[in-house]
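Working notes, structure below.
The values are calculated or read from the model by the stated rules, or taken from the named source; none is laboratory data. Remember, predicted model here, so these are calculated numbers, not experimental data. We place every Cβ from the backbone using ideal geometry, glycine too, and count neighbours over all the protein chains shown.
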Amino acid sequence: MERLQKVIAHAGIASRRKAEELILEGKVKVNGEIVKELGIKVSENDRVEVSGVQIEKEKPVYYLLYKPRGVISAASDDKGRKTVTDFFPLSEERIYPVGRLDYETTGLILLTNDGEFSNLLTHPKYHINKSYVAKVKGIPSKELLKKLERGVQLEDGKTAPAHVKLTSSDRKKGTSIIEITIHEGRNRQVRRMFEAIGHEVIKLKRERFAFLDLKGLNAGDGRELTPHEVKQLRSLAENGI
Ligand code: URA
């Protein structure tokens with residue numbers, strides 16, 4: 001289910017703001033009835049008309065991007081900075097990222113115009129694993145890594161159990177490389193988790209999202225997900241398999 005104004009915007013008829021105006025002006029019908037409320041949600045099966053013309057749904061599209069550093073995870077940026085959608089100049093659909101990676105974080109991010117798919121993958125009740133490689137300051141002790149694994153207290157609550165593995169450390173430089181897998185997706189979560197144990201993240205890369213990885217891709221490369229991958233992701237979120 002998606003908000004009516006979003007469905008109209010996604011059909012490419014109007015911006016979301018304009019779609020809201022059309023609704024308030026009584027120009028929008030759902031299943032033959034005029035709707036003037038902004039909050040209502042419609043499903044795939046509802047027939048939406050704008051000024052008497054039934055809207056055509058955009059074809060759903062699904063992409064994977066290896067996000068480079070210095071790119072915003074949003075559909076557009078009011079400061080004119082590069083965004084993840086700029087890597088798909090040929091996509092005519094209104095795509096946006098599924099969740100977010102920080103400006104400085106690199107790695108795997110999905111983009112789509114399918115709101116239900118995006119909600120499914122980002123809702124905290126569906127446990128989708130995301131694996132990161134973090135370069136951190138210092139060499140965390142085993143005890144601290146265990147703490148990270150069990151969950152640390154952040155200002156928005158304790159983190160759920162995670163998998164943590166120290167891959168290497170450089171005594172001379174005083175840095176370590178650590179792999180961490182979490183299934184939550186709070187804002188700047190990995191950076192804040194390491195901060196909580198006193199080891200600041202210097203570099204962060206998301207290497208895996210569920211069963212997807214970055215094999216064969218360089219920073220800035222993207223590809224379409226296969227229909228099978230899309231199905232698998234849905235099934236993973238909905239049924240845990
Ligand atoms: N955790 C972070 O701290 N940053 C990201 O970009 C993703 C997860």
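Tabulated data
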{"item": "The stretch 183-205: number of residues that are under 14 Å from the mean Cα position of the chain (by Cα), at positive phi and more than 11 Å from the ligand (Cβ to nearest atom)", "result": "0"}
{"item": "Test: residue in the stretch 196-205 that is in contact with a Phe, Trp or Tyr (Cβ under 7 Å, 6 or more places away or on another chain) and closer than 30 Å to Ser43 by Cα", "result": "no"}
{"item": "Val61 farther than 26 Å from Thr159 by Cβ and touching a helix residue (DSSP H, G or I) at 6+ places or on another chain (Cβ under 6 Å)", "result": "no"}
{"item": "Exclusive hit being away from the ligand (no atom under 14 Å from the Cβ), touching a helix residue (DSSP H, G or I) at 6+ places or on another chain (Cβ under 8 Å) and in the same structural domain as Lys142 (by TED's automatic domain parsing), set Leu233, Leu166", "result": "Leu166"}
{"item": "Which listed residue is of a type in the set (Ser, Thr, Tyr), surrounded by 16 or more Cβ atoms within 10 Å (Cβ to Cβ) and at pLDDT below 95, from Thr122, Thr159", "result": "Thr122"}
{"item": "Check on Leu214, touching a residue at least 40 places away in the same chain (Cβ under 8 Å), more than 16 Å from the ligand (Cβ to nearest atom) and either surrounded by 13 or more Cβ atoms within 10 Å (Cβ to Cβ) or not assigned by TED's automatic domain parsing to the domain that holds Gly115 (or both)", "result": "no"}
{"item": "Strands (runs of 3 or more DSSP E) completely within the stretch 36-125 that count 1 or more residues being among the basic types (Lys, Arg) and out of contact with any Pro (no Cβ under 8 Å at 6 or more places or on another chain)", "result": "62-67"}
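Table: residues versus (1) in contact with a strand residue (DSSP E or B) (Cβ under 7 Å, 6 or more places away or on another chain); (2) not small (Gly, Ala, Ser).
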{"site": "Glu143", "(1), (2)": "no, yes"}
{"site": "Leu148", "(1), (2)": "yes, yes"}
{"site": "Gln153", "(1), (2)": "no, yes"}
{"site": "Lys165", "(1), (2)": "yes, yes"}
{"site": "Ser168", "(1), (2)": "yes, no"}
{"site": "Ile180", "(1), (2)": "yes, yes"}
{"site": "Glu184", "(1), (2)": "no, yes"}
